[in-house]
1. For region 2-81, build the charge dipole from Cβ charges (+1 Lys, Arg; -1 Asp, Glu) around the Cα centre, then report which of Cys11, Val25, Tyr46 sits farthest towards its positive end.
2. Testing the spin-label approximation: label points 7 Å from Cα along Cα→Cβ at Glu36 and Lys12. State their distance in nm.
3. Report for region 2-81 the percent antiparallel among DSSP-assigned beta bridges with both residues inside it, nearest 5.
4. Excluding residues fewer than 8 places away in the same chain, name every one of the lysines whose C-alpha is closer than 21 Å to that of Lys80.
5. Per residue, how many Å² of accessible area does the chain show with a 1.4 Å probe?
6. Would you pull out the residues with amide H under 5 Å of Val34's amide H, same chain only if 5 or more places away, H placed 1.01 Å from N?
7. How far is helix 71-81 tilted, in degrees, relative to the longest principal axis of the Cα atoms in the chain, given as a value from 0 to 90 rounded to the nearest 10?
8. So, with +1 on the Cβ of K and R and -1 on the Cβ of D and E, and no other charges, what is the size of the charge dipole of the chain about its Cα centre, to the nearest 20 debye?
Amino acid sequence: VDVFQAWCGPCKPVVNLFQKIRNEVGSNLLHFAVAEVDSIDALEKYRGQCEPVFLFYTGGELVAVVRGADTPLLQKTILKFL
């Protein structure tokens, strides 16, 4: 989940990475979503930050958090949990 604030929007460059990995591994294994922190009370702790935050869930449980658009780290995290 790409967690963003309305004033800065979702991290568009990372969407390409997710699409590339999803095409490589199959669409059933990887799902990408965006969530605006100002609209979701459960994400309140991520408000007021100027860097993107990516939340990784497996089986409905949060398993990793990556702060910033660090493409190599994002790719490593995705592949680790696939």
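The values are calculated or read from the model by the stated rules, or taken from the named source; none is laboratory data. In this text, all values refer to a predicted model and were calculated from it rather than measured experimentally. Glycine gets a Cβ as well: all are built from the backbone with ideal geometry, and neighbour counts include every protein chain shown. With ligands, DNA and RNA removed, areas are computed over all heavy atoms of the protein, side chains included. Shrake-Rupley method; radii C 1.70, N 1.55, O 1.52, S 1.80 Å.
1. Val25
2. Each label point is offset 7 Å from its Cα along the Cβ direction, giving 1.7 nm.
3. On the way: 8 of 11 bridges.
Bridges in region 2-81 that DSSP calls antiparallel: roughly 75 percent.
4. Leaving aside lysines fewer than 8 places away in the same chain, those within reach of Lys80 are Lys20.
5. Numbers: 5240 Å² over 82 residues.
Spelled out: the 1.4 Å probe surface of the chain, per residue, equals 64 Å².
6. Residues meeting the criterion, in which the H sits 1.01 Å from N, are Asp2.
7. Orientation of helix 71-81: about 60 degrees from the principal axis.
8. On the way: 8 positive and 9 negative charges, 64 e Å.
For this selection, approximately 300 debye.
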